[in-house]
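The numbers here are math on the coordinates, done by the rules we state, and not lab data. Since the model is a prediction, treat every value here as computed from it, not as a measurement. Positions of Cβ are backbone-derived with ideal geometry, glycine not excepted, and every protein chain shown enters the neighbour counts.
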Amino acid sequence: MKESGTNVRKFGIRDKFSYMLGDVGCNLVLTLANSYLLVFYTKVMGVSGAIVGTIFMLARFVDAFTDVAVGRMVDLHSDKHGDRFRPWMVYGSVPLVISSCMMYNYFLADAAMGIKIAWLVVTYLLFGSICYTAVNIPYGAMSNVITADSGERASLSTWRNVGAQVGGVVLGVLIPMLIYVKDEDGNSVASGERFFWASIVLGIAALITILICWKWSVERVRLADKDKSEVKKSSNTKAVILDCFKDKALLSSFGFQIFMYAAIQIFFAFNQYMFLDYFQSTALSGLASVVMFFGMILTAPITVPLAKKFGKKEVSIVGLAISVVSYIVIFVTRVTSPYVYLVLIFFAFFGIGIMSMVSYAMTNDCVDNHYLETGDRVEGTVYAMASFVRKMAGAVCTGIGGWALTWIGYNELAVTQTEEVRQALFNIIVGLPLLCFALTLIFMLFYPLNKKRVEENEKKMEALRSKEQA
């Protein structure tokens, strides 16, 4: 790898801000789908939660091919300017927004059940497995070439996570206020028309932020001639993937990303049910997203300095322990006060926020480590595999949750649920994240790239770049 010439703009706040906007845009459409599509299809379209959950899970098997295909194309091809990642963002942003809006077609609410299910399958695959993949995988992998400096990459990871939380909290606060209306008895019911218009407004906002990210981003680290020849020789996708699965650092990284992502997605997907059916207060569901946001965002100023001093792995372990303890308290005490629940959620997501802020930087550490061990530059492939396992985890957990709604006797069209169903719902909403946080902590304990190992790799990478430039 080599760095671009001196005429390229120095890394600075513009890079951080624009990279943050990229995740704001991606999360505006993704969080809408992850948090509210299940609600839309059960409450508006009248489709069984088990059916919706099954579709969500099966779609991830398609991602096993589309994610890796995009990742390999990113690794093997560049445009006439030498950029490998930026072009995908500009060409994929419009299809991404259109496919997002198509999913919330409430005009089919009175159609036959087969038609509604077919529409969900087609539009969900188009959105998640094709359009979102074509934008988000190049975007995520691009952080490895915006800068070669480990500290600057950690900063990009933090800003990216801030962008994700901004997108998440905007939806968490605004969407419950917009999509629910009162029926004649004063109960909150979901409005299909409002879902549709919300998807259009959020889609436009996503398009603007993604294009700003594309316009202001700079790929400073280029493939050297040696790297280009090595990439071509390693174009056997199967062999590259097998090498990745032999890498202990990557396997550990995939493991803790799977369960971290799953825990967060379960919270988003079932937060509405927690407040709608268990606490019976939809107004507070938006406050829960705010509490989660501030819990994670407050870690932004402290995480990078702490990670620099103690190591990314080391501070992540402490944060995960806080999350696990917080959810154990929620589950054991079976909180009945939504305000006590919100306090404990704050501490849970403060803990996970510490890890989340450096998680993408740890992926970059894994890419460099893999290069030093194998000689292969596979940023796109590694990020594609990480993206796939995260989406698979979220879909499987959402699928299990969707099936569980049916198993516990959840009535999709009922305004209120029985007490037995409410308690079973609590077990799902709290128990699944608790399990995921605990498994995340276990995988992090086995992650081999501690502070000492990362610093040694940085010195080796710097020596290689200096040799190539010389």
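Here are the numbers:
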{"quantity": "Given 14 as the ceiling on other Cβ atoms within 10 Å, longest exposed-site-free region of the chain for chymotrypsin sites (Phe, Trp or Tyr not before Pro) in DSSP loops", "calculated": "1-244"}
{"quantity": "Linear extension gain, Val415 paired with Glu456, 0.36 nm per residue minus alpha-carbon span", "calculated": "8.9 nm"}
{"quantity": "Percentage relative contact order, the chain, counting C-alpha pairs under 8 Å, at least six apart", "calculated": "29 percent"}
{"quantity": "Of every Cα-Cα pair in segment 16-469, the percent that sits beyond 41 Å", "calculated": "14 percent"}
{"quantity": "Cα coordinate range in segment 89-220, projected on the principal axes (Å, largest first)", "calculated": "59, 31, 19"}
{"quantity": "Helix runs (DSSP H) in the chain reaching 20 Å along axis by Cα, Kyte-Doolittle at least -0.5", "calculated": "13-39, 49-76, 86-102, 150-179, 192-216, 248-273, 283-297, 312-333, 338-374, 379-407, 419-445"}
{"quantity": "Kirkwood Rh in Å, taken over all unlike Cα pairs in segment 12-82", "calculated": "15.3 Å"}
{"quantity": "R0 of 30 Å, Cβ-Cβ distance Glu193-Ala321: FRET efficiency to nearest 0.05", "calculated": "0.10"}
{"quantity": "Computed lengthening from Lys246 to Lys182, 0.36 nm per intervening residue step minus Cα-Cα distance", "calculated": "17.5 nm"}
{"quantity": "Pairwise label distance in nanometres, Asp149 with Thr336, each label 7 Å out on the Cα-Cβ vector", "calculated": "5.6 nm"}
{"quantity": "Normalised per residue, the volume of the convex hull around the Cα set of segment 126-177 (Å³)", "calculated": "74 Å³"}
{"quantity": "Dipole in debye (nearest 20) - the chain, about Cα centre, beta carbon charges: Lys, Arg +1; Asp, Glu -1", "calculated": "1280 debye"}
{"quantity": "Sites Ile13 and His77 - FRET efficiency at Förster radius 41 Å, r taken between beta-carbons, to 0.05", "calculated": "0.85"}
